[in-house]
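Worksheet: the structure to be examined is printed underneath.
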Amino acid sequence: MDQPLWQNYLNLGLIAFVARRAGIGWSALATDAPSVLEGVYVGVLVVCVLAGIGVWLRRAWVMASISILALAFGIQTTAELISESRFAAWWLVTQWVFAWLVSGLALFLASRAGSDSVRT
């Protein structure tokens with residue numbers, strides 16, 4: 001872990017946001033959701049757990065986990081927009097844009113962090 005602590009909080013906040021959104025979507029659509037959408041929710045939650053682990057490792061892991069998390073969140077939002085979910089489309093798109101902006105900020109900050117060299 002070669003990032004400042006506040007930067008890790010930003011990454012963990014993004015993970016919590018995506019996990020909360022997947023959990024709410026899964027619980028709200030539990031009875032009538034298509035199996036593909038349920039699989040997407042489970043996949044996003046698994047990515048959140050792996051990203052939570054990756055955030056505490058090297059900078060390359062941080063960047064990869066945040067990128068994969070943003071991609072998974074985009075897939076989740078697209079699947080929700082395609083399926084006839086009960087959520088308002090504008091709210092889904094707003095959350096998607098917010099998550100991508102925070103992901104971009106987290107990736108920018110991670111790329112500006114210290115070097116990946118092994119410290120002795």
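Peptide packing: for 52-60, 90-98, 102-110, the average count of neighbouring Cβ atoms within 10 Å per residue gives the ranking 102-110, 52-60, 90-98, highest mean first. With both labels modelled 7 Å from their Cα along Cα-to-Cβ, the residue 16 to residue 88 distance reads 2.5 nm. As a calculated quantity, the FRET efficiency between residue 36 and residue 57 at R0 = 25 Å, using C-beta atoms, amounts to about 0.20.
Read-outs throughout are calculated quantities, based only on the coordinates presented, and are distinct from any laboratory measurement. Since the model is a prediction, treat every value here as computed from it, not as a measurement. Don't worry about glycine lacking a Cβ; one is built from the backbone with ideal geometry, like all the others, and counts go over all protein chains shown.
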